[in-house]
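Please treat every number below as a calculation from the coordinates, not as lab data. Owing to the predicted nature of the structure, the values given are computational and were not obtained by experimental measurement. FYI the Cβ positions are ideal-geometry reconstructions off the backbone, even for glycines, and counts take in every protein chain you see.
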Amino acid sequence: MNPFAVNALICARYFLRKRRNRRRRRYHVHPILVERLLEGEFCKLFSRLQEDEEKFFDYFKMSIRSFDELQARLHDILKHSNMFRAPVQPIERLAVTLRYFVTGETFKDLHFSYRLGASTIGEIIKEVCKKIWTLLHEECLSIPNSQEGWLRIAAGFENTANFPNCIGCIDGKHVRIICPKYSGSLYSNYKKFYSIVLLAMCDCDYRYTYINVGAYGTDSDSNIFRRSSLFTKLHNGEIILPPPKPLPHTTEPLPYMIIGDAAFGISNKILRPYARSNLTHKKKIFNYRLSRARRYIESTFGIMSNKFKIFHRPMNTSLPNTIAIIKACCLLHNYIRERDGYRIQDTLTVLGFDQSLNTNSNNSRSGDTIRDKFSNYFVSPAGSVPWQDTCIF
């Protein structure tokens, strides 16, 4: 017999047997999912939640007014049509996404409560995150584009943190992830877990003014900052900062500065604390005053992670989706903060994040000079505060 015919018969027999042994799908749509419009959590609970402002806030971590405004703005771009089955409505898509952020549950958990397929929930969350970023990032999360905007931020830090000429606090935080395939040790940080870094800057109202998401867990804050668009714009003069101004009750102008922790290299744009060895009284006072102002970025991370429990566990989505989720959470944090404020207990702990590693020891001579002038001011009668001496011992 022709060998080609033999091979064809063998292949035909193999595929026929495989087809017979293939497990047939019992349902086109599982009966549990068919009952979504009657038994799903959204249909049974949402209308009841709207009758109680406090319960609604506990469920979605935003007020009814803020939710209604957000879903109204997203309605048209989240609307789908389907000739064969009823599509998931925009308001339910938003509700599922927010509940995923708030609870930190897996797609499988939400699959049983909302009566939606796990893969469908994954696609919904991915789409909603991207639409939220596209629609709102210019409005709710952007660097000030005028000197007046920077001056408002500086005035806030001077009034609330007693730190003049400060235009923001910057820090990096590790967000836990499941190790991406074929990534080796790129995402393994110094604490021996896998992460990507969220580098963020905030104002004194616990709002993000800049974020950079997705750097490897092995990267240091300083290196991430040097590769960021914020660093590029600062050094290219694309960001319009106010001219140097004398500190209160002094005459020598000093530039407006961003404050960070010891992980950042000091420069004429960044102030960092003095090294902890052999600290003089003046240096201790400066470190205390800088730490007192820098707590705003720690509190901002804490408010967001305590609001969105998704940061309390490793994110098990693909890397692009994880980045989209983090960006959407940062934006929603600002959106909620501007409309609903915050709860003071949310500022007391920072859960779901870990400090980035200090791997940079570069010093700038001009940055050292500026830092020394700030430290001299903080121990002078013009710049000291009554309680500072009791806080450093």
For a label point 7 angstrom out from the Cα of LYS79 toward its Cβ, which stretches of the stretch 91-125 have the backbone nitrogen within less than 17 Å?
91-94
Less than 11 Å Cβ to Cβ from ARG313, Lys/Arg counted +1 and Asp/Glu -1: what total charge do the surrounding residues give?
+1
Going by the alpha-carbon gyration tensor, a ≥ b ≥ c the square roots of its eigenvalues, is the chain rounded (a/c under 1.5) or, if a/c is not under 1.5, prolate (a/b greater than b/c) versus oblate?
prolate
Candidate lysines - alpha carbon under 16 Å from LYS282, same-chain residues fewer than 8 apart omitted
LYS373
So for R0 = 22 Å, FRET eff. of ILE392-GLU252 from the Cβ-Cβ r, to 0.05, ends up at 0.30
Can you tell me the order of 95-107, 56-68 when each peptide is scored by its average per-residue count of other Cβ atoms within 10 angstrom, highest first?
95-107, 56-68
Among ILE392, SER277, LEU78, whose Cα lies farthest out toward the positive end of the dipole of the chain, if unit charges sit on the beta carbon of Lys, Arg (+1) and Asp, Glu (-1)?
LEU78
Summed over the other residues with a beta carbon less than 11 angstrom from that of ARG65, with K and R at +1 and D and E at -1, the charge totals -3
Ranked highest first by average number of other Cβ atoms within 10 Å, how do 374-384, 320-330, 301-311 line up?
301-311, 320-330, 374-384
Starting with the fewest neighbours, write out TYR216, TYR187 ranked by other beta-carbon atoms found within 10 Å of each beta-carbon.
TYR216, TYR187
Net charge dipole size for the chain [Lys, Arg +1 and Asp, Glu -1 on Cβ; Debye, nearest 20]:
2300
If the chain between THR120 and ARG152 were fully stretched, how many nm would it gain, using 0.36 nm times the residue separation less the Cα-Cα distance?
7.1 nm
Let's see if you can work this out: charge +1 on each Lys and Arg Cβ, -1 on each Asp and Glu Cβ, no other charges. What is the dipole magnitude of the stretch 31-140 about its Cα centre, in debye to the nearest 20?
400
Around LYS284: net Lys/Arg minus Asp/Glu count, Cβ-Cβ under 12 Å
+3
If you take the square roots of the eigenvalues of the alpha-carbon gyration tensor of the stretch 178-258 and sort them as a ≥ b ≥ c, do you get rounded (a/c under 1.5), prolate (a/b over b/c) or oblate?
prolate
Taking the dipole about the Cα centre of the chain, with the C-beta of Lys and Arg at +1 and of Asp and Glu at -1, give me whichever of GLY217, ILE170, SER47 is farthest to the positive side.
GLY217
Helix 3-21 sits off the longest principal axis of the Cα atoms of the chain, rounded to the nearest 10 on a 0 to 90 degree scale, by 80
Calculate for the chain the 222 nm mean residue ellipticity that helices alone would give, adding -39,500 (n - 2.57) per DSSP H run of length 4 or more and normalising by residue count, nearest 500 deg cm²/dmol.
-16000 deg cm²/dmol
Neighbour-count ranking for TRP133, TRP150 (other C-beta within 10 angstrom, fewest to most) reads TRP133, TRP150
